[in-house]
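Asks: Encoded as structure tokens, here's the structure I'll be asking about.
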Amino acid sequence: MLLSAARQALLDLIDPKMRGILWKVLGLSLLCLVALWFAIRSLFLWLAFPFLANLFPTMPEWTGWITFVLLIFAAVGLALGIALLMAPVSAFVAGIFLDDAAEHIERLHYPDDPPGTALPVFTAMKEALKFLGIVILGNILALLLLLVPGVNLVAFFLVNGYLLGREFFEFAAMRFMGPAAARALRRERGLTVFLAGLVVAGFVAIPIVNLATPLFATAFMVHIVKRMREDAVV
């Protein structure tokens with residue numbers, strides 16, 4: 001079930017409608033990152049630059065290069081920070097469009113089934129913020145665990161597999177049932193959900209491609225939830 005669902009989700013990414021949603025996500029994410037860059041840069045120049053400029057007020061003029069070097073390091077650090085935020089920001093923006101993606105997958109592959117119900121706007125925003133926090137927390141934990149000898153890459157997949165599997169599965173399931181029932185189904189099929197999360201974590205591990213993770217995971221989990229419900233009926 002997992003392999004066929006993953007294969008179908010990959011094919012869904014090249015569907016014109018899904019490509020359109022992806023371009024919207026990437027465009028809005030880029031605007032958010034540019035705005036974030038200018039905001040952090042302005043804050044840095046306002047607060048930190050005067051401090052660095054006056055760091056050595058009584059030192060000879062040749063020590064000015066120290067301030068220059070510190071500013072270069074700060075710029076590099078800012079660029080790296082923005083790069084690390086790329087995936088979480090795109091995940092948050094994608095959260096706004098996940099219902100559109102799920103609805104399209106349902107119409108495309110399950111036209112005879114009753115359609116799922118989109119989450120209310122405020123609930124969708126809350127879920128998007130929750131997912132943003134999950135992604136940031138998961139990657140911080142994974143980065144910390146990467147420093148532990150003998151854990152490394154395994155930690156990344158286990159942490160992200162659990163968190164991403166849980167969040168995306170519950171999102172897809174809540175289109176067809178209440179939150180309590182979605183959580184109960186996730187606990188009942190815990191191993192399958194975790195293995196599905198590992199597939200999503202594998203997608204996350206691919207640079208640049210991982211910007212499409214929310215759309216891939218949404219399509220993937222919709223297929224899994226649909227097949228679970230079909231199995232339950234049978």
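Asks: With every protein chain kept in place and ligands, DNA and RNA left out, what is the accessible area per residue of region 173-222? Probe 1.4 Å, answer in Å².
Replies: Accessible area per residue, region 173-222: 39 Å².
Asks: Here's a follow-up. Please give the contour-minus-distance gain from Ala181 to Ile14: 0.36 nm per residue of separation, less the Cα-Cα distance, rounded to one decimal in nm. Write down the numbers at each step before the final one.
Replies: Numbers: separation 167, 0.36 × 167 = 60.12 nm, distance 3.20 nm.
Roughly 56.9 nm would be gained on extension.
Asks: In addition: When the accessible area of region 149-228 is split by element with a 1.4 Å probe, what percent falls to carbon and sulfur? Each step should come with its number before you reach the end.
Replies: On the way: 2110 of 2980 Å².
Answer for region 149-228: carbon and sulfur cover 71 percent of the accessible area.
Asks: Straight-line reach only, C-alpha to C-alpha below 12 angstrom: list the aspartates and glutamates that Lys130 could link to, leaving out same-chain residues fewer than 8 apart.
Replies: Once the sequence-local aspartates and glutamates are set aside, what remains near Lys130 is Glu167.
Asks: Using θ = phi - 60° and the Karplus relation 6.51 cos²θ - 1.76 cosθ + 1.60, list the HN-Hα couplings for region 13-25 in order, rounded to whole Hz, with x at every Gly or Pro.
Replies: 5, 8, 5, x, 5, 5, 5, x, 5, 4, 5, 4, 4
Asks: Pop the C-beta distance of Leu3 and Ile206 into the FRET formula with R0 = 25 Å and round what comes out to the nearest 0.05.
Replies: E(calc), rounded to 0.05, equals 0.90.
Asks: What does the charge count near Val159 come to, summing +1 for each Lys or Arg and -1 for each Asp or Glu among other residues with Cβ under 13 Å from its Cβ? Write out the running numbers ahead of the final one.
Replies: Numbers: positive: Arg166; negative: Glu167.
Here the charged neighbours net out to 0.
Asks: Would you work out the relative contact order for region 161-211, in percent, from Cα pairs under 8 angstrom that are 6 or more residues apart?
Replies: Answer for region 161-211 is 50 percent.
Asks: Next up: Counting other Cβ atoms within 10 Å, which chymotrypsin sites (Phe, Trp or Tyr not before Pro) in region 147-214 have at most 12 and lie in a DSSP loop? If you can, show how the numbers build up before the last one.
Replies: On the way: sites: Phe156, Phe157, Tyr162, Phe168, Phe169, Phe171, Phe176, Phe194, Phe203; in loops: Phe176.
Answer by residue number: there is no such site.
Asks: Once phi is turned into ³J(HN,Hα) by the Karplus curve 6.51 cos²θ - 1.76 cosθ + 1.60 with θ = phi - 60°, what whole-Hz value does each residue of region 173-189 show in order, with x for glycine and proline?
Replies: 5, 5, 6, 10, 7, x, x, 5, 5, 5, 5, 5, 5, 4, 5, 5, 10
The values are calculated or read from the model by the stated rules, or taken from the named source; none is laboratory data. What you see is a predicted model, and the numbers here were worked out from it, not measured in a lab. Positions of Cβ are generated from backbone atoms using ideal geometry, with glycine treated the same way; all protein chains shown enter the neighbour counts. Keep in mind that these areas ignore ligands, DNA and RNA; they rest on the heavy atoms of the full protein, side chains included. Shrake-Rupley method; radii C 1.70, N 1.55, O 1.52, S 1.80 Å.
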